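Peer 1: First the structure, which I've put down as structure tokens, then a few questions once you've had a look.
Bear in mind that the values in this text are calculations on the coordinates, not laboratory data. These figures come from a predicted structure and were not determined experimentally. FYI the Cβ positions are ideal-geometry reconstructions off the backbone, even for glycines, and counts take in every protein chain you see.
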Amino acid sequence: LGSDAEAAIRLQQRGQAAIASGLPSACFDRGDRLIPWVPSAATSSYTLINRASRRRWCGIGRLLSGFPGLVTTAAEPGDIGDRFTRLVLPEVDVLLRVAHTIVGRPADAEDLVQDTLLRAYRSIETFDGAHPRAWLLTIMRNAHVNQHRRRRPVLLRERDLTIERSAPPADDVVERVLHEHIEEALRELSPRHRRVVDLVDIGGLSYAEAALALDVPVGTIMSRLHRARRQLRRHLRNDPRATAAGTSR
Amino acid sequence: MKRFRDRRASDQLSCREVGKVLQAYLDSALDDLSARRISAHLEGCRRCGLDFEAFTQIKAALERRAERTPEDPGVRRLRAFVESLVSGTADGL
């Protein structure tokens with residue numbers, strides 16, 4: 001027998017032993033460890049997720065006791081809305097910023113985020129709750145690919161297409177000069193370099209999150225960021241007003 | 001990056017090596033040991049120290065730019081959309 005088949009038999013024997021010992025149900029993590037799990041008549045349904053192996057089991061019941069690395073996610077209908085709001089609402093502004101870097105028009109960016117939110121809501125029950133931003137960025141990337149294939153109807157009815165951006169307050173001269181020249185320097189960047197700066201420096205995303213958003217390797221994010229920042233610096237160094245503001249040396 | 005990480009802690013880093021990971025150091029994306037070694041190099045190397053200072057200022061200026069940008073009105077609409085999803089009144093459900 002192959003090692004997989006032997007392992008399966010061993011697991012089955014252990015499962016039967018667990019049931020014989022009074023445990024109505026049991027499941028195993030990748031480390032071949034028994035996780036006792038008792039189905040109950042309660043209405044709660046649970047998804048058990050092993051964070052390390054990413055394996056999951058769904059069913060009705062309750063976990064006997066806590067296990068490190070294993071989380072339970074309640075999936076009662078009443079909880080879904082609360083859970084979705086708690087996980088997703090704080091990420092809406094980041095999602096919109098990312099969408100602006102992926103698609104050109106503001107209205108398209110908003111549509112993309114709305115599509116993302118709808119897809120996320122439909123799959124919230126299978127989400128383990130870890131790294132909601134990465135989860136949402138993955139959904140957004142897929143939604144964007146699908147939108148390219150097939151244009152969706154406009155979902156928002158009352159859309160204000162103009163995004164008002166007021167001028168920054170000129171609280172001091174150095175700040176204002178720096179701000180103006182950063183704007184100029186940003187305009188000089190190529191779209192692909194600008195996108196990475198928008199996501200990481202302005203949007204506050206990690207390298208991994210930016211890689212998810214743009215569907216490129218982390219190394220590509222790092223090299224583009226490196227090049228973009230050097231170009232920003234070169235632009236500012238060549239500008240005597242920016243030099244006076246203290247940004248370039 | 002791997003080669004960089006695997007070097008002995010006592011090895012001196014060259015400016016070229018530091019330059020390759022300086023942006024990751026700036027973004028706190030390096031492991032602790034690598035970050036300590038970069039930090040030690042920056043303490044003693046004026047050129048790399050000035051480089052780091054310049055990039056720090058650029059990053060800070062970009063972050064301030066983000067803080068100064070008023071919230072996109074689309075965020076408010078999308079938050080309302082989240083509420084409508086949860087309450088079951090959204091289109092497309």
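Peer 1: Between beta-carbons, use under 14 Å as the cut-off and find the net charge around A:Asp215, counting Lys and Arg +1, Asp and Glu -1.
Peer 2: For residues surrounding A:Asp215, the net value is +3.
Peer 1: Further, regarding this structure: Find out how many positive minus negative residues lie around B:Arg65, taking Lys and Arg as positive, Asp and Glu as negative, among other residues whose Cβ is under 9 Å from that of B:Arg65.
Peer 2: Net local charge, B:Arg65 excluded: -2.
Peer 1: Between beta-carbons, use under 13 Å as the cut-off and find the net charge around A:Leu95, counting Lys and Arg +1, Asp and Glu -1.
Peer 2: The answer is -1.
Peer 1: While we're here: Can you give the three extents of the C-alpha atoms in region B:13-93 along their principal axes, from longest to shortest, in whole Å?
Peer 2: Answer, in whole Å and largest first: 61, 26, 15 Å.
Peer 1: Same structure, new question: What are the ³J(HN,Hα) values, in whole Hz, obtained from phi via the Karplus relation 6.51 cos²θ - 1.76 cosθ + 1.60 with θ = phi - 60°, for each residue of region A:216-224 in sequence order, with x given for Gly and Pro?
Peer 2: Computed from phi, the couplings for region A:216-224 are 10, x, 4, x, 5, 4, 5, 5, 5 Hz.
Peer 1: Can I ask one more? Is the C-alpha gyration tensor of region A:77-126 telling us rounded, prolate or oblate? Criteria: a/c under 1.5 is rounded; beyond that, a/b larger than b/c is prolate, otherwise oblate.
Peer 2: It is prolate, given that a/c is not under 1.5 and a/b is the larger ratio.
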